[in-house]
Structure formats: structure tokens, C-alpha cells
Amino acid sequence: MEILVTLDTIKNHQDSKVLRFPSGSLVTKEARTFAASRGIKIYVGDELLEEPFPVNLKPTKRAVISVIGEDRVGIIAGISEVLAKNNVNILDITQTSIEGLFTMIMVVDIADCRVSFDELKKLLEERGNSLSVRVDAQREEVFRFMHRI
Amino acid sequence: MSFSRDEIIETIRMVQAENLDIRTITLGISLRDCADESVYKIAEKIYNKLTQTAENLVPVAEELEAEFGIPIVNKRISVTPIAIVAESCREKDLTTIAEAMDRAAKELKIDFIGGFSALVQKGFTKGDINLINSIPEALSSTERVCASVNAASSRAGINMDAVLAMGHVIKKTAELTADRDGIGCAKLVVFANAVEDNPFMAGAFHGPGEAETTVNIGISGPGVVNTVIRRLGEDADFGELAEAVKRTAFKITRAGELIGREAARRLGASFGVIDLSLAPTPAVGDSIANILEAMGLERCGAPGTTAALMLLNDAVKKGGAMAASYVGGLSGAFIPVSEDAGMIRAAKDGALTIEKLEAMTCVCSVGLDMIAIPGDTTPETIAAIIADEMAIGVVNKKTTAVRIIPAPGKKAGDFVEFGGLLGRAPVMPVSTFGSSVFVRRGGRIPPPIQSLVN
């Protein structure tokens, strides 16, 4: 009987949809998280183990888009157009223009984005080039991790 | 907005202007199931296991880089010390294994693979001896394989037979790679108190107490710390300096923590540790020496350098420890001479000597690192340099190491060029007074009284 079920036990049965262990088996949290990410259901005896709740890393579907460059007409319009076309919702937006230097920061929801994040970044970058501004897009977690305890 | 504009700009500036990056994602892989009696069988098993297990390492790292907007400079693998894996091997020459590791590294597009290693602080087994004898050939016939030997620990003392042997191994490795300034030695470390979860090369290996696969993260960001200290100006007192470094270290480490957890999740591996080391690169502005100089030293190596480094090292740990859930590895500022533009300048100007570097290793991680010395330095003198460094580690219960390059045909003042992350280094003079009677005594220097902690 398996007393302890670890991540590697699950990995060795990656192709299964359901894994059954005798009642009393201990399944590590790491193993449960991994199983959940691969859509594997784990039963210990007759009991279905619940997917562990990620205490420290709640995945969000938000990104921060920053635009820096020389101020001109149509920057926000240009960037927003790319976002709208790909079904990205703008949650928050702030912009300043001091002595000709334009900075804009947007928080957007990418949950229903039509393209991959990588693809969205490329589209934004291209648009930024045609507007002569620098556009960056990063997942929101980076800022949450670095600036919030 | 959930973040202020300044916070967002700060992060972007750290990445774009101050070289904030994740220095390395190192995937530790156990090779304990690759043992065999034939060296060729072992090599084959290792190649297969590595290419299968680490298949997604580079793609996942690139994915994370794009999503989070923080560069991940190196993708590496550490493996179970090969001396353990090859213990029951009939053949004595283990070069074939190193070559298989090298092939796997190239196939996977990772830059270094560590673990051609032996742990011999108290004595040698058959596998250990075979491995140590194979190091010069293995390092000269491969590009990406790194070797390390743990020759001392606070509990076991210093294995002086191993130390003397390593003096010869280093010399031989330099000779076999003489056409490239002895670059083989840049991939070879001798340790005291080696750690099992170090993500940094050349000393990384996957320790016997580790999980099957583990993600360890090495953070970086000397440029960020440097900017913060310069901005404080000359009036800030030491409390203010320490506070500024702590805050910055916290932010840098958080970025590493985020990437580490995500990487482990996507790779289906355990999340090991964040190594809180400040690691320089040869890039301008990415230098530890420049941080020390920003604190008010004319050149790194001037009197006061050790104190400045102590403050820096301690503040980085205090800030970083708060930011990471699991801290491990070497965790301390690195002072590799050839990989740090400021150190190179200080050494060239004569401000920084080997003796000063040795003192600095008492208060930081890791040791005499990437130092080029004259090609005619004897194996005995190299062994004695190693013994001194081991003594510092053993007594202070810290990791110390020696990665030293006796550059063939070069003398003090010449330059050696390794290129890439390994950089370039001025050849530093070494004391010409001999130590050969001392290092040839053999046996083991007993562990110090500090080791009796139970």
C-alpha cells in the first residue's frame, strides 16, 4: 500500500484521468496541485480529494500595459483599438504628459482575450512602433508581488 | 488603480535600465536511477533521462519571460553528483558520462549543466576517485559541463588529500584547455560546506536529500541596488544604507519568488529555493564592486571594503528572507573577479589583491571566484590557497569555494579572455613563498570545536 503519494507518483500516471489510492494514503499538497493542473481526479478510498486552494498565488487574468514616449495625437486611441479588436477590457487607465514625455498605464482584463498573451504583446509592440512609443505588457502579478506584502 | 504609477514605472525601470533579471532557473534532476556497471549504459541512461525530464525547461522559461516581462538569463540543470551515480561502474574513466551530459545540454539549449561532482570531505570511495581523476579530461572535452568537489565541511574538517589532489587537477585542467586560457578551470569549483540546492554554476549539483526534480531560482540585480545607493548620496548613514538595500532586495526577490513558483508549477516539479545571491555580470552597471564604491570607497579593495560588503550581504539577506517562502542555495553576494567589470578594474589598478579577496570571502558568498593567477603557479601553492579558503568556511560554518585559473603561459598583469558570462580577468600575482611541505602532510585537518553543537 502507498503510505505517501508524492508529485512523482502522480507524474508516473500522468495519462490517467482518475487515480485511486487505498484509504489512509497521504497525498501531498504538491501532488494534489499537480494532479489538478493536469485534470486528474484523485480518490483516497471512496473519497474524492478536493483541488487545493492556492493560498499564496491566486491566478489573475490581468495585465499591466505601459506606454512611454513622445506625446502625440492618437496614442491612446491606437493602443485601445488593438485591445478592443482582441476583446481585451480596459479596467483602469492613467496618463500624464509632462514636458512632452507621455506615459500611460493601463490595467486590462485578458481573461477573454482572443489571442495568446505573447501574440497580444507583439500586436501592441507593432502598434507602438508605428506610433513611435514604447509599449510593454506584463502580467499583473509582477507588480503585486514586488510592491504589495 | 491597484498600483500607483510610480510603482509600475519603478519596476519597468529596474528591468530596462538597471539590469534586473532572474539570473538562473536551475532544474535539479535526480540521476540516482541511472546507475549501472557500464559507463556507456550510464551515459545513455543519463542522456535519455535529461532530455525527457528537462524537455520543457527552456520553452517554459521563455514563456515566463514574455508574460512577466522579466528576463531570465540562464536556464540550467543540476544533477546528482556523478560520483554517486557511477559508483558501481567498472570503467575508471568517466569522461563518457560528461560527454553525454554535454550532448543533452546542447540538445535542450541550456547553457550549463552542473553535477560532475564528488563529496569527499571525509574520504574517498571508488566512485569519488574515478570522478576526480576524470575531471581534467571531462572539462576539456565538453563545453557546458561543470564540475565540483566538496573537500571540507564544518563537521568533517578539511580533507587535505583531496585539497592537494585538486591542486593538481586544476593545473592539469588548465593545461588541457591552454588554447583557451585555461577555461576548463572556470567550470571547476572546490568547496567547503557545499550546499545541495545551489542554482548557481559552476558549483550546482542536485544533493542526495533533494526531490526527484526541483526548481531552484537564482536572483540578480546589482544594478538596481547600485542605483538605489547612488541616489541616497553621501550623507546617508549606515542605517539608511542598510534600509535602502533591504527594501530593494525584497522587491527583487519577490520577482524571483513569483517566477520560481510559476516555473515549478508549469514544469511539474517541486519548488526548491530562492537563492538570495547578488550575482554580477560583465555588463556595465551590473557590478558588486560598483555598489561598494557607491558606498564611498575609491576602489573596491580599498580599506573598508570588507565592512561595506558585510553590510551589503546582510541587508540583502534580511530583505530577501522576508520576500521568499524558501530561502536556500548560497544566498550571499558573489565576488567573481572576471565576471564583474568593477572588480576587473580594481584588480587591474592594483586596488584588489587575492589576500583582500580572501578577507572579503569571510563576510559574503562564496569564495575566491574566477581569479586568474600566473600559469607557473605550482599545484602545491594552489592547494594551499584552497586550504586557506576551506579553513574560513569550516570555522565560520559557511560555504566557501575556490574557482581559480592558473592561466597557461600568462604572468601577473596579463589578461585572460573567456568571453560571455565568464568575462575576462587580469592575472593576479600570487605569493611566491612555498607551502609544499605543509600541503603534502596529507590526512585530514580535524573539525573545529565549533562543530560540536549538539
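Every number in this text was worked out from the coordinates using simple rules, so none of it is lab data. Not measured: the values here are computed from a predicted model. Using ideal geometry, Cβ is built from the backbone for each residue, glycine included, and neighbour counts are taken over all protein chains shown.
How large is the helix-only mean residue ellipticity at 222 nm for the protein assembly as shown, computed as the sum of -39500 (n - 2.57) over DSSP H runs with n ≥ 4, divided by its residue count, in deg cm²/dmol to the nearest 500? Before the final figure, lay out the partial values.
On the way: 20 runs with 239 residues, N = 603.
After summing the helix terms and dividing by residue count, I get -12500 deg cm²/dmol.
Starting from a Cα-only point model with no solvent, please compute log10 I(q)/I(0) by Debye for the stretch A:46-149 at q = 0.11 1/Å.
-0.40
Can you give the translational diffusion coefficient of the stretch A:4-48 in µm²/s, computed by Stokes-Einstein from the Kirkwood radius over Cα pairs at 10 °C and 1.306 mPa s?
The calculation lands on 157 µm²/s.
Counting only other chains, and only Cβ atoms inside 10 Å, what mean value do you get across the residues of A:94-100? Write out the running numbers ahead of the final one.
Working: counts 4, 1, 1, 0, 0, 0, 0.
Mean number of neighbouring Cβ atoms from other chains: 1.
Enumerate the helices in chain B for which the Kyte-Doolittle hydropathy averages 1.0 or more and the C-alpha atoms extend at least 15 Å along the helix's axis, using complete DSSP H runs.
B:379-396
With a 10 Å Cβ neighbour count serving as the proxy for reagent exposure, in which order, fewest first, do B:Cys362, B:Cys146 appear?
Starting with the residue having the fewest Cβ neighbours, the order is B:Cys362, B:Cys146.
Evaluate peptide B:61-70: per residue, the Cβ atoms of other protein chains within 10 Å of its Cβ; return the mean as an integer.
On the way: counts 0, 1, 3, 1, 0, 8, 10, 8, 9, 3.
Mean inter-chain Cβ contacts per residue within 10 Å come to 4.
Taking every DSSP beta bridge with both residues inside the protein assembly as shown, roughly what % is antiparallel (nearest 5)? Don't skip to the answer; put the middle values down first.
Numbers: 44 of 85 bridges.
Among the beta bridges of the protein assembly as shown, antiparallel pairing accounts for roughly 50 percent.
Summarise the partner chain shielding of A:134-142 as one whole number: the mean count of Cβ atoms from other chains within 10 Å of each residue's Cβ.
For peptide A:134-142, the averaged partner shielding equals 6.
Write out the trypsin sites (Lys or Arg not before Pro) in the stretch B:375-446 meeting two conditions: DSSP loop, and at most 12 other Cβ atoms within 10 Å of their Cβ.
B:Lys411, B:Arg440, B:Arg441
Among A:Phe34, B:Phe205, which comes first, second and so on when ranked by fewest other beta-carbon atoms within 10 Å?
Fewest-to-most Cβ neighbours within 10 Å comes out as A:Phe34, B:Phe205.
How far apart, in nanometres, would the label points at B:Gln450 and B:Asn56 be if each is projected 7 angstrom from Cα along the Cα-to-Cβ direction?
So the two model labels end up 4.3 nm from each other.
What is the Å³ per residue value for the convex hull set by the Cα atoms of the protein assembly as shown?
171 Å³
Could you give me the radius of gyration and the Dmax of the stretch B:270-387, taking only the C-alpha atoms into account and expressing both in angstrom?
When restricted to the Cα atoms of the stretch B:270-387, Rg and Dmax are 15.0, 47 Å.
Output the peptides A:76-82, B:100-106 sorted from most to least packed, where packing is the average of other Cβ atoms within 10 Å over each peptide's residues.
In descending order of packing, they fall as B:100-106, A:76-82.
Quick check on chain B: what are the equivalent-ellipsoid semi-axes from the Cα gyration tensor, as sqrt(5λ), descending, whole Å?
Values: eigenvalues 208, 153, 76 Å².
Listed largest to smallest, the semi-axes of chain B are 32, 28, 19 Å.
When chain A is treated as a GNM, springs tying every alpha-carbon pair under 10 Å, which of A:Thr96, A:Thr28, A:Thr60 comes out with the largest mean-square fluctuation?
Highest fluctuation of the listed residues: A:Thr28.
Å³ per residue of the Cα convex hull, for the stretch B:217-443?
Expressed per residue, the convex hull around the Cα atoms of the stretch B:217-443 is 137 Å³.
Based on the alpha carbons, how large is the Rg to Rh ratio for the stretch B:178-333 when Rh follows Kirkwood?
We get a ratio of 1.01 for the stretch B:178-333.
May I have the pair-distance distribution P(r) for the stretch B:106-175, computed from all Cα-Cα distances with 5 Å bins from 0 and rounded to whole percent?
3, 16, 26, 23, 16, 9, 5, 2
Could you work out the per residue convex hull volume over the alpha carbons of the stretch B:75-121, in cubic angstrom?
76 Å³
Describe numerically, in nm with one decimal, the distance between label points set 7 Å from Cα along Cα→Cβ at B:Arg230 and at A:Asp92.
3.1 nm
Using a 10 Å cut-off around each Cβ, can you sort A:Val18, B:Val79, B:Val169 from fewest to most neighbouring Cβ atoms?
Listed from fewest to most nearby Cβ atoms, that is A:Val18, B:Val169, B:Val79.
Taking the Cα centre of chain A as the origin, how large is its charge dipole in debye, to the nearest 20, when only Lys and Arg (+1) and Asp and Glu (-1) carry charge on their Cβ atoms? Each step should come with its number before you reach the end.
Working: 20 positive and 22 negative charges, 39 e Å.
Dipole about the Cα centre, nearest 20: 180 debye.
Taking the stretch B:127-241 on its own, what percent of its Cα-Cα pair distances exceed 16 Å?
Result for the distance tail: 70 percent.
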